[in-house]
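Bear in mind these aren't lab numbers, they're just calculated from the coordinates by the rules spelled out. This one's a predicted model, so the numbers in the text were calculated from it and none came from an experiment. Note: ideal-geometry Cβ built from the backbone for every residue, glycine included; neighbour counts use all protein chains shown.
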């Protein structure tokens, strides 16, 4: 059975879209408590009697529809707002409480999480309801305004451009605007005590003890940005930020327009530079061009993994062909039971999917040649910019660029469990 968000996660409602989220949060580090207001610009696909939102374990204080009080119920992660809703309308939710990550069967706890001193939000794939009411579908993209009030001693980072920072007494309110459409899982807030390292291609927010090491480890990121813009097309967003937390993280985290690394990913020796490349590449593959459904996740992770190999090749390291050979040799020693183009929920973040997705791209590059291959990538990012796409969309685009028959290549790499020769 195909992997679909509605069937697998019980998140999201196809009966409506959200055009815009306006989020305001007041965060108290001493208690972890949030007092919040969310206004959603809801656009129904057809007339609705109820708008069903995804929202975690908060106390809902008030709900209005088009400015008028509405009846609602909130249980088991669903906020049901009574209609009727026959056209575009503003749904406002006032809520409060201590945000908790969303507990999942396959991916651990995802979403809002307290650090030793501050907050990280890692929403992939279903963590958005841990901090705001939403239509938590990977294919429902919206624009955002995110305003966060916190003690003035903290820095707040969110998606998009910083519109303003107002300091009143001991508190500061940071306001960000994300004008490029964004999936809910990519929305994020980072709160901590950071110093700013700036370059022409973005900012790196770092805890003071890690400034020197991070300055070295991320020094080649502008060059990386330049290489990727040449290979993939122009950078799709207004800016790019990196946040390095004072805590250790299992893996870096992607968000739209920014990436989050743990203290353990900074060693002063560029020991994790491939991850810097991986997260940056997601801005093209996964964030600008999103997946229409999670079963197509190789379009995110396989492409970002191949970007690691491309950065190695273009920066003087082993070429992609060598890294592909190493990857295939490693995969050959592991179970051959994964279909990259149709993973189960437990396989979505399997490293074999990442590696085999990248090998699919290298096999395509080998078959069609560099000129056609990179033309395919640039056309892909331009055609689906700020939208969503599927595996079929990609295979059709690739076939359009060559006279070679690509059907067996994609079938073997994406839909057969056994590794192709």
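Structure summary
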item	result
Overall dimensions of the stretch 290-415 as given by Cα atoms, namely Rg and Dmax in Å	13.9, 38
For 165, 134, order by how many other beta-carbon atoms lie within 10 Å, fewest first	165, 134
Residues 351, 26, sorted so that the one with the fewest Cβ neighbours within 10 Å comes first	351, 26
Fluctuation leader among 13, 140, 403 - the chain, Gaussian network, Cα springs under 10 angstrom	403
Length-normalised contact order for the stretch 290-415 - Cα pairs under 8 Å, 6+ apart - percent	35 percent
Ranked packing of 151-160, 183-192, most packed first, by mean Cβ within 10 Å	183-192, 151-160
Crossing angle, helix 320-332 versus the chain [Cα axis fit, 0-90 degrees, rounded to tens]	80 degrees
Sequence-separation-based contact order of the chain, relative, with Cα cut under 8 Å and 6+ spacing, percent	12 percent
Overall form of the chain per C-alpha gyration tensor (a/c, 1.5; a/b vs b/c)	oblate
Per-residue Cβ neighbour rank within 10 angstrom, fewest leading, 164, 195	164, 195
All-pairs Cα distance distribution in the stretch 66-176, expressed in whole percent, bin size 5 Å	2, 9, 15, 19, 21, 15, 12, 5, 1, 0
Gain upon complete extension [residue 264, residue 199; 0.36 nm per residue less C-alpha separation]	21.1 nm
Protection proxy ranking of 74-85, 52-63 - average other beta-carbon atoms within 10 Å, highest first	52-63, 74-85
C-alpha center-to-center spacing [the stretch 60-82, the stretch 193-267] in angstrom	39 Å
Order by protection proxy (mean Cβ within 10 Å, highest first), peptides 303-310, 291-298	303-310, 291-298
Mean Cα-pair separation over length for the stretch 153-246, i.e. relative contact order, pairs under 8 Å, 6 or more apart, %	27 percent
Residue-averaged 222 nm ellipticity for the chain, from DSSP H runs of 4+ at -39500 (n - 2.57), nearest 500	-8000 deg cm²/dmol
Stretchable slack from residue 375 to residue 342, in nm (0.36 nm times residue separation minus alpha-carbon distance)	9.3 nm
Cα-based helix-to-principal-axis angle, 370-383 vs the chain, degrees rounded to 10	20 degrees
